[in-house]
Amino acid sequence: MTLTVPDGAPASGRAALPYLVGESPRMLEVYGVMAKIAHASASVLIQGEAGTGKELIARALYENGPRRGRPFVAVDCTAIPDGLMESHLFGHVRGAFTGAVATVPGVFSRAHTGTLFLDEIGEMPLHLQAKLLRVIQTREFTMVGGTQPQHVDVRIICATNRDLRDSVRRGAFREDLYYRIAVVPLHLPPLRDRKEDLPLLITHFLSGFAAAYGRRIDGLTDRATRRLFDYSWPGNVRELENCLEQAVLLAEGPLLDVAHFPSLAGRFPYPAAGSGAPRLPLRELEKWYILDTLQQVGGNRAHAAKILEISVRGLQYKLRRYVQEEGSKARGGRRASPRLSPLQEPRNGDGSEARPKSA
Ligand SMILES: Nc1ncnc2c1ncn2[C@@H]1O[C@H](COP(=O)(O)OP(=O)(O)OP(=O)(O)O)[C@@H](O)[C@H]1O
Ligand SMILES: [Mg+2]
């Protein structure tokens, strides 16, 4: 089952506009609900594991609804320190606290008449959940340090990778707020439950990355296709996207093979102390640890490099070496092809470094 990239496949990659790929029954169900609710102003709660496309769906709802062209403001509730969250959401008036030298509007003001996307809503502290509930109920909020309540008209779309009902049971999330934001609950399936979408997703991403990096990619070998289908994709579509980007960068020719997917290599057979099994070279341990870390973060190299406290460039260097080693193993232990220099960066025709446009 060799997978080929058809000529003229949409080269959208990480296009600016939402481009939803997938025709599995589970995704058709999601599109069906979306079609029914895009035109309403009801709050939507998008639930799904990391990397399943929650933000993409939120943007697609916005793009296909009557508030298109109005503001779309996204807030990552995990990215804002607890102490700054209230002012970030509702804004503050001049003199509200030390350092508040000017009146600054919050995201509710900025999203007025449009859509407010509250990402990772499950991480919002309880005292702010109470304030959020009040805005949803009254359509009014007050800036930090202010006295005048302000009217606001926003459609609220929330996303979470937690089971919020469980958070409610544990007392970490307000039940009344849950019912307010989950008027329409939308569950995104993990990629392992819709593997029939893999061919479409793979060709979609490959044609995007091939175009972005100025490469010709014809497809995947049987072995590589099988490896992609056998894998469980804990990091979902994002992990798949990252793996394919990595493979396009690592490939020397137009066909992608297993060696170009080093982060999908098998688990390290760690010999337990006292088991009598032969110890392995330190280099092998490092390789396993790096690939395992990459896998844990859904293939995000910048994130993996940060965890490992090495540079992204250093990580890239090691990954390329692994490809050489795998390639050499596949050729029966012959020396790796000298054509691939580990330090060689992908280049555009003009010699500048190629970079994909990321959303
Ligand atoms: N159905 C899809 N079609 C095309 N691309 C997709 C699809 N689903 C997800 N993606 C892509 O996968 C990546 C992850 O999607 P997104 O950021 O929306 O996921 P998420 O659920 O919000 O992830 P996280 O929980 O990590 O924030 C994005 O680059 C997105 O464009
Ligand atoms: Mg997200």
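The numbers here are math on the coordinates, done by the rules we state, and not lab data. Here the structure is a predicted model, which is why all the values come from computation and not from measurement. Here the Cβ positions follow ideal geometry from the backbone for every residue, glycine too, while neighbour counts run over all protein chains shown.
How high is the relative contact order of the range 112-223, in percent, with contacts defined as C-alpha pairs under 8 Å that are six or more residues apart?
Rounded, it is 27 percent for the range 112-223.
Give the long-range amide H neighbours of HIS187: residues separated by 5 or more places, or on another chain, with amide H under 5 Å away, using H modelled in the peptide plane at 1.01 Å from N.
GLN47
Enumerate the calculated ³J(HN,Hα) couplings along the range 64-77 in order (Karplus 6.51 cos²θ - 1.76 cosθ + 1.60, θ = phi - 60°), each rounded to whole Hz, writing x wherever the residue is Gly or Pro.
With the stated coefficients, the range 64-77 comes to 9, x, x, 8, 4, x, 8, x, 10, 10, 9, 10, 8, 5 Hz.
Highest first, please rank the peptides 296-302, 115-121 by the mean number of other Cβ atoms sitting within 10 Å of their residues.
115-121, 296-302
Among all the aspartates and glutamates, which ones have a C-alpha under 18 Å from LYS54's C-alpha, if same-chain residues fewer than 8 places away are not counted?
In chain and number order, the partners are GLU23, GLU29, GLU63, ASP76, ASP119, GLU120, GLU123, ASP163, ASP193, ASP197, GLU239, GLU241.
How much length would be gained if the chain were fully extended between TYR317 and ARG223, taking 0.36 nm per residue of separation minus their Cα-Cα distance, in nm to one decimal?
Full extension of this stretch gives 31.4 nm more.
Tell me which residues come under 5 Å, amide H to amide H, from GLY91 once H is placed; ignore anything under 5 positions away on its chain.
It is GLY106, VAL107, VAL144, by chain and number.
³J(HN,Hα) across the range 187-197 via Karplus (A = 6.51, B = -1.76, C = 1.60, θ = phi - 60°), whole Hz, x for Gly/Pro?
Using θ = phi - 60°, the values come out as 9, 8, x, x, 4, 5, 8, 9, 5, 5, 7 Hz.
Label points 7 Å out from Cα along the Cβ direction at GLU196 and THR138: separation in nm?
5.0 nm
For the range 291-304, in order, what is each residue's ³J(HN,Hα) by Karplus, 6.51 cos²θ - 1.76 cosθ + 1.60 with θ = phi - 60°, in whole Hz (x at glycine and Pro)?
Result, rounded to whole Hz: 5, 5, 5, 4, 5, 4, 9, x, x, 6, 5, 4, 5, 4.
Among 209-217, 93-101, how do they line up from the highest to the lowest mean number of other beta-carbon atoms within 10 Å?
Going by the mean number of other Cβ atoms within 10 Å, highest first, we get 209-217, 93-101.
Using a Förster distance of 35 Å, how high is the FRET efficiency between ASP230 and GLU23, based on the Cβ-Cβ distance and rounded to 0.05?
The value I calculate is 0.95.
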